[in-house]
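Chemist: Quick one: the structure is below, and I'll ask about it shortly.
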Amino acid sequence: MLHMPKYEKIWLAVGTGALIVFLLVTGIMAVSMGLHPPNGMKMKMEPENVETTAPFNSPGLKKIGPNEYRATIISYTFGYNPNTITVPKGATVHFQITSKDVVHGFMIPGTTTNLMLIPGHVAEYTQTFNEPGEFLFVCHEYCGIGHQAMYGRVIVKDTV
Ligand code: CUA
């Protein structure tokens, strides 16, 4: 038996115990509580089928109500399809976005839109644009050499 001071054995036991507790908590949560990626993701498809699976077989902006839109966007290395959407001031936009290759991000600085795009998963978020102007959306998950150049924009027109 390795000879070590008593306090060292105690701390070793505490550390080991804490590790076991953490693993148990994570394991139990994953199994019993259905731990899954954030952002209310749902609907899984194979990433290579993204472009042939509805609604991503026809990405773009669709009007679904009075000043209410659905924006269906595919992310890829290194861009978004479409990379520009134009809406009137006050528009509510329901984003539904996926990735067809690797993990990307979708963040609109200055708003609460902040999504992680996991290949084949659909990330959804609703954002209302009350101020006219141009809002950049950017990829904020490192995805490779072109990551810095991966962005698009929401143009909010000052028209009624
Ligand atoms: Cu896509 Cu970073």
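Chemist: By accessible area of protein heavy atoms, probe 1.4 Å, what ranking do Met29, Met4, Met150 get, highest first? Intermediate values should be presented prior to the final figure.
Modeler: On the way: Met29 70, Met4 40, Met150 5 Å².
Largest accessible area first, the residues go Met29, Met4, Met150.
Chemist: Probe of 1.4 angstrom, ligands and nucleic acids ignored: what's the accessible area per residue over the chain, in square angstrom?
Modeler: Here the per-residue accessible area is 60 Å².
Chemist: Roughly speaking, what % of Cα-Cα pairs in the stretch 36-115 are separated by over 17 Å, rounded to a whole number? Display every interim value, and only then the final one.
Modeler: On the way: 1540 of 3160 pairs.
Beyond 17 Å sits 49 percent of the P(r) for the stretch 36-115.
Chemist: What residue among His121, His147, His104 shows peak mean-square fluctuation when the chain is described by a Gaussian network model with Cα springs under 10 Å?
Modeler: Judging by the Gaussian network model, the answer is His147.
Chemist: Let me ask another. Radius of gyration and Dmax for the chain's Cα atoms, expressed in Å?
Modeler: Gyration radius and largest Cα-Cα distance of the chain: 21.8, 80 Å.
Chemist: Grab every C-alpha pair in the stretch 91-143, bin the distances at 5 angstrom width from 0 up to the longest one, and report whole percents.
Modeler: For the stretch 91-143, the binned pair fractions read 5, 21, 29, 24, 13, 7, 2 percent.
Chemist: Please calculate the 1.4 Å probe accessible area of Leu24, with all protein chains present, and give it to the nearest 10 Å².
Modeler: 100
Chemist: In degrees from 0 to 90, rounded to the nearest 10, what is the angle of the helix 6-32 Cα long axis to the longest principal axis of the chain?
Modeler: 40
Chemist: Right, here's the next one. Where does the chain land at 222 nm, in deg cm²/dmol rounded to the nearest 500, when only DSSP H runs of n ≥ 4 count, each adding -39500 (n - 2.57), divided by all residues?
Modeler: Result for the chain, helices only: -6000 deg cm²/dmol.
Chemist: Quote the accessible area belonging to Thr84 in square angstrom, nearest 10, computed with a 1.4 Å probe and with ligands, DNA and RNA left uncounted.
Modeler: So the heavy atoms of Thr84 present about 60 Å² to solvent.
The values are calculated or read from the model by the stated rules, or taken from the named source; none is laboratory data. Quantities reported herein were computed from a predicted structural model and do not represent experimental measurements. Remember, those area values only see protein heavy atoms, side chains included, never the ligands or the DNA or RNA. Shrake-Rupley method; radii C 1.70, N 1.55, O 1.52, S 1.80 Å.
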